[in-house]
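As structure tokens, the structure follows; a few thoughts come after it.
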Amino acid sequence: MGNKANYKAQVIEASKELTGKEKVALKNFADMIQIDEATKETDAGLLINIAWTAQVSVHNEKADNQDYIKYVYVDKDGTMYISGSEPLYRQYSDIAEDMIGEEEEWGIKIIRKESSNYKGKDFLTCVIV
């Protein structure tokens with residue numbers, strides 16, 4: 001029981017009403033694809049046909065930054081992708097906001113871009129597809 005205080009994940013926002021099973025699944029990242037890793041070896045980007053998204057607040061006493069947010073992107077095929085990238089989530093949110101109420105099918109392609117602020121570093125962003 002002592003471990004619970006060291007690590008806690010809590011769903012703080014989702015783009016749809018979640019079932020209990022979905023909430024539980026969102027708090028365990030083991031079966032999710034890490035976007036950072038999935039985009040490292042390819043220039044083609046990572047395509048996600050977004051069904052819904054969620055934000056999970058994490059408190060982890062073993063991490064350098066003990067409190068952080070993870071963003072989960074769920075594909076229509078059920079695959080869950082996860083990232084802590086705020087620039088990626090901001091860009092996705094921008095796209096999603098403009099597409100509210102649109103009939104046209106859409107998804108995102110996640111790509112790595114070289115940072116102009118940090119030499120030799122990349123950041124994640126996305127474009128609509």
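The values are calculated or read from the model by the stated rules, or taken from the named source; none is laboratory data. The model shown is predicted, which means the values in this text are computed figures rather than measured ones. Quick reminder, even Gly has a Cβ in these numbers, built from the backbone with ideal geometry, and neighbours come from all protein chains shown. Please note that ligands, DNA and RNA were not included when accessible areas were found on the heavy atoms of the full protein model with its side chains. Shrake-Rupley method; radii C 1.70, N 1.55, O 1.52, S 1.80 Å.
Structure summary
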read-out: Single unsatisfied condition, Arg112 versus (1) open to solvent by less than 20 Å² (accessible area, probe 1.4 Å); (2) in contact with a helix residue (DSSP H, G or I) (Cβ under 6 Å, 6 or more places away or on another chain); (3) more than 18 Å from Leu18 (Cβ to Cβ); value: (1)
read-out: Contacts under 7 angstrom Cβ, first residue in the stretch 72-84 being in contact (Cβ under 8 Å) with a residue 12 or more places away in the chain and among the basic types (Lys, Arg), partner assigned to a loop (DSSP other than H, G, I, E, B) and open to solvent by 10 Å² or more (accessible area, probe 1.4 Å), 6 or more apart; value: Lys76/Asn49
read-out: The stretch 56-67 residues that are without any contact (Cβ under 8 Å) to a residue 12 or more places away in the chain, paired with ones that are assigned to a strand (DSSP E or B) and not small (Gly, Ala, Ser) (beta carbon under 7 Å, 6 or more apart); value: Gln66/His59; Gln66/Asn60; Asp67/His59
read-out: Sole residue being surrounded by 14 or more Cβ atoms within 10 Å (Cβ to Cβ) and of a type outside the set (Ser, Thr, Tyr), chosen from Asp75, Asp98; value: Asp75
read-out: Test: residue in the stretch 62-70 that is surrounded by 13 or more Cβ atoms within 10 Å (Cβ to Cβ), at pLDDT below 95 and aromatic (Phe, Trp, Tyr); value: no
